[in-house]
Structure formats: C-alpha cells, structure tokens
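*Asks:* The structure under discussion is supplied below as structure tokens; questions concerning it will follow.
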Amino acid sequence: MSDILSGVVLQLRLFRRVPGNLLIFMTVPFFSLIFLSAARSHGDHVVSPREILAPVLMGFWLVGCQIAEMVVSYERAYGTLEIIVAAPARFTWVVTGRVLTVALLGIVTLLEVIVMSRVAFGIAVTVYHPTVFILGLLATILASAGTSTIMTAVFLAVRGARRYVNTLGYPFYILAGVLVPITFLPSPLRPLADPIYLYWSGNVLYGSLGRASIRDPELSLVMIVLLACASYAAGNLLIRKVIDRMRASGEIGLG
Amino acid sequence: MTTWTQQWEFFAVSSRTGVAEFRTNTTWRRWLFGWLVRLIAQSIFFTSLGLSLGSKAAVDYLAIGNSVVLVCMEVVAVIPFMLNERRTGAISLHLVAPTSSILAYLSRNIYCPIMGIFSSTFGLFVIAEVFRIPINETFVFVPLLIALIGLSVYAYAFTVAAIAFNLPSLGMAALNFSYLSIMTFCGVDAPVGYWPKAVRVISDIFPVTHGLVAVRDLLGGMPAGTISWNCLLEAIVGTGWLGLGSAIFYFSRYLAYRRGNIEVSAL
C-alpha cells in the first residue's frame, strides 16, 4: 500500500514541478468548442450528449497514454528508470499509484466540459441517471488506469512503441463510437468496439444524460470493469516479465 | 553583408540539414504508417460528425476543412523543433554565425510545409473516397492553395516559436494551442460566421481562414476572382505573421543576450 502511495505522491509532485504535463487539460476545452460549434452551426441539429461528453472520453484516453509515456520515456530520458527499478518499492505498485492518480485527474475534463458547454453554448448538462453516471465514471477511471498499465508495459517492451501511440487515439475513437455512433461504421468494423472500454463507457455516460432509460447499463458497467481488470492484470504481468528480462540483459535505460 | 547567392546557398544547405535531421529521427515507413495514418484518422474522425448531423453539406464542409488543416498539423511541429535548438545548445552557434538566424530557422524546417502539402492533398483525396465526395478537375490546383496556406501557417508557427523562445519547456503547449485555435476558430469545422464578431476579427488575422475559403470556393466552382482575392488575403496574413515573428524573434534574442543565458536551456 505504501508503494502505491509513493507512486501517488511522486506523480502529484511531478505535476507540480512540470506543469507542462497537464497539457491535456488545455486541449479538452478546444475539443468541446469544436464539437459543439460544428453541431450547432450545421443545420438545426439538437446537440446530443455524445457531442457534449466526447471530449471527456478523449481526455481519459489521452491521460492514459501520457502517463505511460511519463513512466517509461521520461524516466529513461532522465536516467532515473534504473533507480526506480532498483529501489526496494515494487515497480508495478509504484506504477499503479501513478496511473491511478492521473486517471483520477481525468475527472477534471468532465468539469471543463460542463463549464465550456454552459459558458460558450448555454447548454446545461443534466444527468438524468446519476447513479449509473457515477458508477460509469468510476469504472472508466479504473479502465483508464488499466490501459495505462498495459501501455507502460508495451513502452517498456517495444523500443519506439511510443512513436505509434499518437496514432492509436483517433482510430480507437472512431471504432468505439466516441463522437459518432458505431451504427455509422461499416458492419464488419462494428464488433471491434467490444474490446474497447471507451465504447462501454460511452454507453453509460452518454445514456445518463438522456431522459430515456439506458440500454443494458449493468452489462456496460461489468464490461468496463472486466476490461479494466484484464488490462491491469496483463499490463502488470508484462511489466514484471519485461523488467526481469531487462535486468538480466542490463538494458533497462536503453530504448 | 552576405550576397543573395550566398543567402541562397545557405538556404539550400540549411534545408538539406533539416531533411537529414528528419531522416535521422524517423523513417519513411514510420512516417507513413505512424504519422500519416494518424493524420488521416483524425480527418475521418472529425468528418464523421457530419454523418450524425445528418447533412451531406456538413460532411462535405467538414471533409474539406479537416483535410486542409492537416498541413497546419505538419507545420506547427516546427515550434518544438525550433525551441529544441536552444535545448541542444545549437542556438548560440546560430546566433554568432554571419548568416541570418531567422533564415537559418526558416530554411532548416522548410521540409515541414512541403510534407504538409502532400499530407493534406493526399488526406483530402482519401477522405473524398471514404465519404463519397465527388472531386472535379479543379482538384489539381488544390496543392497550390495548400502550399500557400502551409507557408502562411509556417510564418505563424515561427511567430509562436519566437514568443516561446525564452520558455522552451512550453513548446508542446504552444504547439497544441496554436493548431487547436486554428481548428476551432478558422472555419475548419464551424463557419467563421458562427462565432461572435470579436472572435471573427481574430479569425481573420489567423492563417488558414482565407486560404480554406479559397479551397472551398475552388472545389465549389466559384469564379477565379473570388478565389484569388482570398489567396491574396491569406498571403497578406502570412506576410504579417512573418514580420511580427521576426520582430519578436529579435526582441527575444536581445533579452536572452542581455540576461546572458543564451547557453542555458531556460525553463
């Protein structure tokens, strides 16, 4: 437990010392402006919860990628990765603390979106299913942390993988129906949404903003938690294997 | 005072250095399957919003805007590149060299707008195919307009880099702020006319706004006079940013000289 707390404290200190790491929170209001202005300016379209909340899910994905990059690439660049791995605290627990801290900060994107919708477009965000919404948000935080763990493992294992992480975002948003429902995708692509937590998170979070009852909220919540657990477990296992291999070969700082 | 021939030689050498640096940092395969795929996925993502808006006109509007803006994405990358010169310690060499440091900066990264012309044109072609937007023969002139927009954004990015010259750690924030402002307020996803007047005034002095109107007019079969007028406005905007950027750059350089911290990678 103290190792996880160390990770939390380390991450908070890093944010305080290098505010540039909070960059993602600068991009979210712009996405909000883009989606809502586009929806409002083309025809008489009524703005949907999807257009309001899409930047939140994008924010969760982006913070998930960024923390993985910070844990591996920055530490490698500063030459501190070896020290972290050699420390008595278990690396995977410290990573858990760090990714959870960042995933929790993902909630800030929700506040940004609520404020931007209200101030710039006069849209009051009303949650009609608060219990499902809060549970969905908590599950999404876990899933975001799980995704970060698996990405950390991939960054450790594959040299240059972080160069491609930037590429993953938009295809995932499209496949998971973050901005546009997957019914607009060609039918062979639709099943690809199932293993992406953003799809299930969208179902509960977007649905919570509508008066109508949400379709299968229990299934969506279970799926998000399952995907969170699976990615966290797989990520931890992979991190341990990769660290052990790198310890043996003496190439932790390289890559 | 160097002659024009020497300036040109310097430009050629510097731009070749930039290309060599790019080739060292990445590979064509990585650029094609990493970066270009990301750019096109971004265009598809934003254009798909038109589908859920249920309007063919919206799809066309978003498709053109989000393909043309790719040149902007390519070009604003020069902001951290330029600031990196300071971090790597190359800046002092630039400044003591007998050649113009502004020319050095601008020629070194000139490959960015050139690649942007390709990314943007190719992106538009792909997006038109994906969303079944008919393309007519005027498409052959699109790269010319995109080149103009690219140069205009290049001047704007240079200005942003000059402002961030003494705060290089803000390079990525400056990059994001620069391109997201353009994507939001310059008629990429929502027409400029949608925004309040104060915002429209700012949009008018930003790059992309007028050039993008020219591209839309070209593909929409508008008369050459209208297209040329918007091209001229885009060129004026670009020239203005270049002038402003040069002035700020000289001032930032003066400040760094005065403080004596030109060698120090400032935070």
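The values are calculated or read from the model by the stated rules, or taken from the named source; none is laboratory data. This one's a predicted model, so the numbers in the text were calculated from it and none came from an experiment. In this analysis, Cβ positions are derived from the backbone assuming ideal geometry, glycine residues included, and neighbour counts consider all displayed protein chains.
*Asks:* Scan the range A:49-61 for residues that are in contact with a Gly (Cβ under 9 Å, 6 or more places away or on another chain), under 21 Å from B:Ile182 (Cβ atoms) and either more than 11 Å from chain B (Cβ to nearest Cβ) or among the aromatic types (Phe, Trp, Tyr) (or both) and jot them down.
*Replies:* Across the range A:49-61, the qualifying residue is only A:Gly59.
*Asks:* Just checking, does the range B:178-193 include any residue being touching a residue at least 24 places away in the same chain (Cβ under 8 Å), in a helix (DSSP H, G or I) and more than 19 Å from the chain's Cα centre (by Cα)?
*Replies:* no
*Asks:* Any residue in the range A:35-48 that is facing chain B (nearest Cβ under 7 Å) and assigned to a helix (DSSP H, G or I) sitting within a Cβ distance under 6 Å of a residue that is of a type outside the set (Ser, Thr, Tyr) and surrounded by fewer than 22 Cβ atoms within 10 Å (Cβ to Cβ)? List the pairs, counting only those 6 or more apart or interchain.
*Replies:* A:Ala39/A:His45; A:Ala39/A:Val47; A:Ser41/B:Pro191
*Asks:* Tally time: how many residues in the range B:67-109 are farther than 15 Å from B:Ser15 by Cα and without any contact (Cβ under 8 Å) to a residue 12 or more places away in the chain?
*Replies:* Total satisfying the criteria: 5.
*Asks:* If only one of B:Asn84, B:Asn66 is under 20 Å from the mean Cα position of the chain (by Cα), modelled with pLDDT under 85 and not hydroxyl-bearing (Ser, Thr, Tyr), which one is it?
*Replies:* Answer to the selection: B:Asn84.
*Asks:* Give the residues of the range A:60-97 that are over 12 Å from A:Val165 (Cβ atoms), assigned to a helix (DSSP H, G or I) and of a type in the set (Gly, Ala, Ser), sorted by residue number.
*Replies:* Result: A:Ala77, A:Ala86, A:Gly97.
*Asks:* In the range B:175-188, which residue that is buried (at least 21 other Cβ atoms within 10 Å of the Cβ) and out of contact with any Leu (no Cβ under 6 Å at 6 or more places or on another chain) is farthest from B:Val215 (Cα to Cα)?
*Replies:* Among those residues, the one meeting the criterion is B:Leu175.
*Asks:* Counting only residues that are surrounded by fewer than 14 Cβ atoms within 10 Å (Cβ to Cβ), polar (S, T, N, Q) and within 10 Å of chain A (Cβ to nearest Cβ), give me the helices (runs of 4 or more DSSP H) lying completely in the range B:1-93 with at least 1 of them.
*Replies:* B:4-25
*Asks:* Report every pair of residues separated by at least 6 positions or lying on different chains whose Cβ atoms are under 6 Å apart, first residue within the range A:172-185 and facing another protein chain (nearest Cβ under 9 Å) and touching a residue at least 40 places away in the same chain (Cβ under 8 Å), second aromatic (Phe, Trp, Tyr) and assigned to a helix (DSSP H, G or I).
*Replies:* A:Tyr173/B:Phe45
*Asks:* Scan the range B:179-226 residue by residue and report those that are of a type in the set (Ser, Thr, Tyr) and within 14 Å of chain A (Cβ to nearest Cβ).
*Replies:* B:Tyr179, B:Ser181, B:Thr184, B:Tyr194, B:Ser203
*Asks:* Failed condition for B:Ala147, given (1) touching a residue at least 12 places away in the same chain (Cβ under 8 Å); (2) of a type in the set (A, V, I, L, M, F, W, C); (3) over 30 Å from B:Glu9 (Cα atoms), with all others met?
*Replies:* (3)
*Asks:* Further question on the same structure: Return the total of residues in the range A:178-209 being within 19 Å of the chain's Cα centre (by Cα) and surrounded by fewer than 19 Cβ atoms within 10 Å (Cβ to Cβ).
*Replies:* So the answer is 3.
*Asks:* Suppose the filter is of a type in the set (Ser, Thr, Tyr), away from every other protein chain (no Cβ under 14 Å) and within 21 Å of the chain's Cα centre (by Cα); does A:Thr147 pass it?
*Replies:* Answer is yes for this residue.
*Asks:* With A:Val204, A:Val180, A:Val222, A:Val154 as the choices, which residue is among the β-branched types (Val, Ile, Thr) and within 27 Å of B:Arg30 (Cα to Cα)?
*Replies:* Just one listed residue meets the conditions, A:Val154.
*Asks:* Do you know which residues across the range B:137-178 are more than 14 Å from chain A (Cβ to nearest Cβ) and at pLDDT below 85?
*Replies:* Of everything in the range B:137-178, those that are more than 14 Å from chain A (Cβ to nearest Cβ) and at pLDDT below 85 turn out to be B:Phe165, B:Asn166.
*Asks:* Another question, if that's okay. Does A:Ala212 fit the bill of being under 27 Å from A:Ser73 (Cα atoms) and either more than 14 Å from the chain's Cα centre (by Cα) or in a helix (DSSP H, G or I) (or both)?
*Replies:* no
*Asks:* Take the range A:197-208 and flag every residue that is within 14 Å of chain B (Cβ to nearest Cβ) and either over 18 Å from A:Val47 (Cα atoms) or outside any helix (DSSP H, G or I) (or both).
*Replies:* Scanning the range A:197-208 gives a single hit, A:Leu198.
*Asks:* Cβ-Cβ under 6 Å, sequence separation 6+ or interchain: first residue in the range B:3-30 and farther than 17 Å from B:Cys112 by Cα, partner of a type in the set (S, T, N, Q). Which pairs?
*Replies:* B:Phe10/B:Thr99
*Asks:* Out of curiosity, is B:Ile236 of a type in the set (A, V, I, L, M), in a helix (DSSP H, G or I), under 17 Å from the mean Cα position of the chain (by Cα) and within 14 Å of another protein chain (Cβ to nearest Cβ)?
*Replies:* Spelling it out, it is not the case that B:Ile236 is of a type in the set (A, V, I, L, M), in a helix (DSSP H, G or I), under 17 Å from the mean Cα position of the chain (by Cα) and within 14 Å of another protein chain (Cβ to nearest Cβ).
*Asks:* Mind counting the residues in the range B:144-164 that are surrounded by fewer than 21 Cβ atoms within 10 Å (Cβ to Cβ) and of a type outside the set (Val, Ile, Thr)?
*Replies:* So the count comes out to 2.
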